[in-house]
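Below is one structure, written out as structure tokens; the observations come after it.
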Amino acid sequence: MSIFGDIMSAIFGSSAKAETPAAGTQGPATPAASPAAPSASVTPSAPSAPAAAPAAPVDVAAVLDALAKKNKQKLNWRKSIVDLMKLLDLDSSQTARKKLAEELHYSGDTKDSAKMNVWLHKQVMIKLAANGGKVPADLKD
């Protein structure tokens with residue numbers, strides 16, 4: 001699984017599938033093309049939601065705030081990609097962040113980790129929102 005996929009799973013649950021530019025190769029997307037069986041068991045609000053997103057929007061800030069309250073460390077997940085990854089119990093090393101940057105098509109200099117980290121945090125929040133997350137506007141700006 002991709003690093004962004006791991007972030008999605010940690011926030012939305014293990015069944016979440018991230019829509020990243022490389023996600024076109026996922027196999028589970030094809031069964032959704034058969035509308036006969038799934039439509040009988042789907043709630044009325046589900047057809048308007050993207051196939052890979054949860055049925056109801058997940059309040060990303062609420063989930064992460066709840067995790068932060070339980071965590072012994074004081075992690076500033078709202079500003080720091082490193083703290084966000086630590087909060088989700090994911091590898092936050094520079095190598096992992098460079099891999100995440102590659103997944104999200106970062107075109108800047110990965111040796112400038114401060115600039116890359118700011119970009120990563122913003123992109124992760126934008127992509128969480130695009131995949132069914134309710135993300136406060138100030139975290140996407």
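Values in this text are rule-based calculations from the coordinates and carry no lab data. Note that the coordinates shown come from a computational prediction; the quantities given were computed from them, not determined experimentally. Positions of Cβ are generated from backbone atoms using ideal geometry, with glycine treated the same way; all protein chains shown enter the neighbour counts.
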Boolean, residue 83 is of a type in the set (D, E, K, R), free of Cβ contacts under 8 Å to residues at least 60 places away in the same chain, buried (at least 18 other Cβ atoms within 10 Å of the Cβ) and closer than 20 Å to residue 9 by Cα: yes
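Assess whether residue 87 counts as being more than 15 Å from residue 4 (Cβ to Cβ) and in contact with a Phe, Trp or Tyr (Cβ under 7 Å, 6 or more places away or on another chain). Outline the logic, then answer.
Values: more than 15 Å from residue 4 (Cβ to Cβ): yes; in contact with a Phe, Trp or Tyr (Cβ under 7 Å, 6 or more places away or on another chain): yes.
In short, yes.
Which one of 95, 110 is surrounded by fewer than 11 Cβ atoms within 10 Å (Cβ to Cβ) and of a type outside the set (Lys, Arg)?
Working: 110 fails: surrounded by fewer than 11 Cβ atoms within 10 Å (Cβ to Cβ).
Unique residue meeting the criteria: 95.
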